[in-house]
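The values are calculated or read from the model by the stated rules, or taken from the named source; none is laboratory data. None of these values were measured; they are calculated from a predicted model. Glycine also receives a Cβ, built like all others from the backbone with ideal geometry; neighbour counts cover every protein chain displayed.
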Amino acid sequence: MLIRESVSLAPYTTIGLGGPARYFCDCASAEDVRDALEFVRRRSLPLHVLGGGSNVIFRDAGLPGLVAHIATRGMAFEASSGAGMVVNVAAGESWDALVAESVARGLSGIECLSGIPGTVGGAPIQNVGAYGQETADTLVDVECLDRQRLEHVTFDRVNCGFGYRMSRFKEVDRDRYVVLGVRLRLWRNTRPALRYAELAAAVTRRSGIEALEAPAAVALVRDVVLELRRGKSMVLDPADPNTRSVGSFFMNPIISVEAFAELKRRWDPPSFPAERGVKVPAAWLVEQAGYRKGYERNGVGVSTRHALALVNRGGTTAELLAFAEEIEQAVLAKFGVRLEREAVVV
Ligand SMILES: Cc1cc2nc3c(=O)[nH]c(=O)nc-3n(C[C@H](O)[C@H](O)[C@H](O)COP(=O)(O)OP(=O)(O)OC[C@H]3O[C@@H](n4cnc5c(N)ncnc54)[C@H](O)[C@@H]3O)c2cc1C
């Protein structure tokens, strides 16, 4: 495995920010990952595991250690009992290529997650979700390499600690495991579930879904999701400067029922029920705090199509993080709500 020196990280990220990595390697196999771990151990260097770079922001100064870019390949569909079909996928595969292939085979379960950038290995890290589906819904297990013990470990879904944009890999076991592969259970001849009102309404507008066989209905849902996402600049497109982002920069805060009652009395924000409390759209908070779509300053700004996407318009990481901090303070001062970042700052 080739280890390169002083490699600029910005081109490996969707937001296009970050200085050089002292060392950089592409890991095309589990052995390469192991070699990368041994390389940093011998030199006492930090290691960063990089997937598609769609949820990561590197500092302007870069990284003094090794960036291990996961580039493993392989996707195997195996029939299982009943209507199920298990797909075993290498971490380095593109997430959207997996969704496209599954939909092309008429399988349902991840069609609402169409158009999300990044790798398959990145998906369980924050339990990616959109339009009423999330990785946890179909995940069977995650195969990992323990960075400390250099041993293979498999976590089934229950042991992944999944929550809203959260898992053990992002929280208690942050930087402990390298995801090598994921198994998902998808469904044959099963109609897509339309749990998200905006998606259900858009599908209804296309009319005729009821008359379609299940595989065609799944394909229709993928098309509609991609259309909705393009309208918000949430599908990567080099011609669309709004997509130089990490997607949603902030998570939707979940606040207590009491705190929400107080917020509603004063501001009447939109809301969604959540497992423990009430979910308030972060986009609404950001806009109401004065940071409207299209707001721009110092080479960074808010997407013209989505208030949650902070966009790099030729700025630096320092400027982006200062801008994010300013938004967080403004939302806290006005609404008493603390925004949490979805993206990983390395
Ligand atoms: C335009 C746009 C739209 C988006 N829309 C959505 C959306 O709808 N829903 C959503 O949930 N997210 C969304 N995202 C965020 C992002 O696409 C996902 O979080 C994605 O899963 C990140 O995967 P990645 O491979 O790019 O990870 P990276 O950005 O490379 O890494 C993210 C984190 O995961 C870790 N990681 C990555 N791969 C591995 C691995 N193999 N083993 C161990 N750790 C690993 C990294 O170390 C880092 O901590 C969007 C991003 C963009 C730019």
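Just a few scattered comments:
- Selected residue (criterion: farthest from PRO20 (Cα to Cα)) from residues of region 75-99 that are in contact (Cβ under 8 Å) with a residue 24 or more places away in the chain and in a loop (DSSP other than H, G, I, E, B): ALA83
- Pairs linking a residue in region 39-65 that is in the same structural domain as LEU9 (by TED's automatic domain parsing) to a residue that is among the basic types (Lys, Arg) and more than 6 Å from the ligand (Cβ to nearest atom), with Cβ atoms under 7 Å and 6 or more positions apart or on different chains, are LEU63/ARG22; PRO64/ARG22; GLY65/ARG22.
- Filtering region 142-151 for residues that are touching an Asp or Glu at 6+ places or on another chain (Cβ under 6 Å) and outside the structural domain of GLU340 (by TED's automatic domain parsing) leaves an empty set.
- Options VAL158, VAL182: the member that is closer than 27 Å to ARG222 by Cα and more than 8 Å from the ligand (Cβ to nearest atom): VAL182
- Scan of region 237-277 for residues that are aromatic (Phe, Trp, Tyr) and within 25 Å of the chain's Cα centre (by Cα), ordered by number: PHE249, PHE250, PHE272
- Region 122-155: number of residues that are in a loop (DSSP other than H, G, I, E, B) and either within 10 Å of the ligand (Cβ to nearest atom) or free of Cβ contacts under 8 Å to residues at least 60 places away in the same chain (or both): 12
- Counting the residues of region 10-65 that are of a type in the set (Asp, Glu), under 23 Å from VAL246 (Cα atoms) and either away from the ligand (no atom under 13 Å from the Cβ) or out of contact with any strand residue (DSSP E or B) (no Cβ under 6 Å at 6 or more places or on another chain) (or both) gives 1.
- Residue in region 250-269 that is surrounded by fewer than 19 Cβ atoms within 10 Å (Cβ to Cβ), touching a helix residue (DSSP H, G or I) at 6+ places or on another chain (Cβ under 6 Å) and of a type in the set (Lys, Arg) present: no
- The condition (being hydrophobic (A, V, I, L, M, F, W, C) and within 15 Å of the ligand (Cβ to nearest atom)) is satisfied by just one residue among VAL172, VAL218, VAL203: VAL172.
- Selection status of LEU150, at pLDDT 95 or above and of a type in the set (A, V, I, L, M, F, W, C): no
- Residues satisfying the stated conditions in region 12-46, i.e. β-branched (Val, Ile, Thr) and touching a Phe, Trp or Tyr at 6+ places or on another chain (Cβ under 8 Å): THR13
- Region 76-121, subset of a type in the set (D, E, K, R) and more than 19 Å from GLU143 (Cβ to Cβ), residue farthest from the ligand (Cβ to nearest atom): ARG105
- Residues being surrounded by fewer than 17 Cβ atoms within 10 Å (Cβ to Cβ) and either among the β-branched types (Val, Ile, Thr) or within 11 Å of the ligand (Cβ to nearest atom) (or both) - total across region 221-231: 1
- Pairs are defined by a Cβ separation below 9 Å, a sequence spacing of at least 6 or placement on different chains, a first member in region 160-188 that is farther than 13 Å from LEU139 by Cβ, and a second member that is in a loop (DSSP other than H, G, I, E, B) and among the aromatic types (Phe, Trp, Tyr); the pairs so defined are ASP175/PHE169; ARG176/PHE169; TYR177/PHE169.
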